[in-house]
Amino acid sequence: GTDAAQVPAGPLKEEETAEPAQSRPNPPQFVQGIINDAEQHQYEEWLLHTQQLLQMQLKFLEEQIGVHRKSRKALCAKQRTAKKAGREFAEADAEKLKLVTEEQSKIQKQLDQVRKQQKEHTNLIAEYRSKQQQHQQSS
């Protein structure tokens, strides 16, 4: 039959999964601050959506770094074994180790960046909520 060459449903773009968007979407801009319920709702949506986005990025990057840690650990063990046995560490493995190490530090930088953004965003949400409470108490 022809089922060996089945095409997966939907276009699968590798690039999209490799690099999650690194920038946080900007909040909706309101000229005079938030003046009505619709704008307030829009801002709250943005807060929530952005928080979810950051959590997804964080989860993705943490999984990525886990994968790199494992392969780096395996390659380092292989290197130690070769050294103990007085053998040359395979060039392909040495190259792999170098790449994995570089990739891991790149992902770590992104991870730190997303964690920082998430922290800032959490503070923004807390600030917004406390302003809402003050507003409700005063009106």
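The values are calculated or read from the model by the stated rules, or taken from the named source; none is laboratory data. Every value quoted in this text rests on a predicted model; they were computed, and no experiment measured them. Methodologically, a virtual Cβ is constructed for each residue, glycine included, from the backbone with ideal geometry; neighbour enumeration extends over all protein chains shown. Areas reflect the complete protein model, heavy atoms only, side chains present, ligands, DNA and RNA absent. Shrake-Rupley method; radii C 1.70, N 1.55, O 1.52, S 1.80 Å.
Side notes on the structure shown:
- Of the set (1) farther than 30 Å from Gln136 by Cβ; (2) open to solvent by less than 90 Å² (accessible area, probe 1.4 Å); (3) in contact (Cβ under 8 Å) with a residue 12 or more places away in the chain, all apply to Arg115 but (2).
- Selection count where residues are open to solvent by 60 Å² or more (accessible area, probe 1.4 Å), polar (S, T, N, Q) and in contact (Cβ under 8 Å) with a residue 40 or more places away in the chain, scope the stretch 44-63: 1
- Unmet requirement for Ser138, which otherwise passes all of (1) modelled with pLDDT under 95; (2) hydroxyl-bearing (Ser, Thr, Tyr); (3) surrounded by 12 or more Cβ atoms within 10 Å (Cβ to Cβ): (3)
- Among (1) loosely packed, with under 15 Cβ neighbours inside 10 Å; (2) acidic (Asp, Glu); (3) over 30 Å from Ile35 (Cα atoms) - the single one Glu127 does not satisfy: (3)
- Here Val7 meets each of (1) open to solvent by 50 Å² or more (accessible area, probe 1.4 Å); (2) among the aliphatic types (A, V, I, L, M); (3) modelled with pLDDT of 60 or more with one exception, condition (3).
- In the condition set (1) closer than 11 Å to Leu61 by Cα; (2) surrounded by 15 or more Cβ atoms within 10 Å (Cβ to Cβ), Lys109 is compliant with all but (2).
- Screening Gly86 on (1) open to solvent by less than 90 Å² (accessible area, probe 1.4 Å); (2) part of a helix (DSSP H, G or I); (3) modelled with pLDDT of 90 or more; (4) over 17 Å from Leu111 (Cα atoms) shows it passes everything except condition (2).
- Restricting attention to the stretch 111-139, the residues that are within 26 Å of the chain's Cα centre (by Cα) and not aromatic (Phe, Trp, Tyr) total 18.
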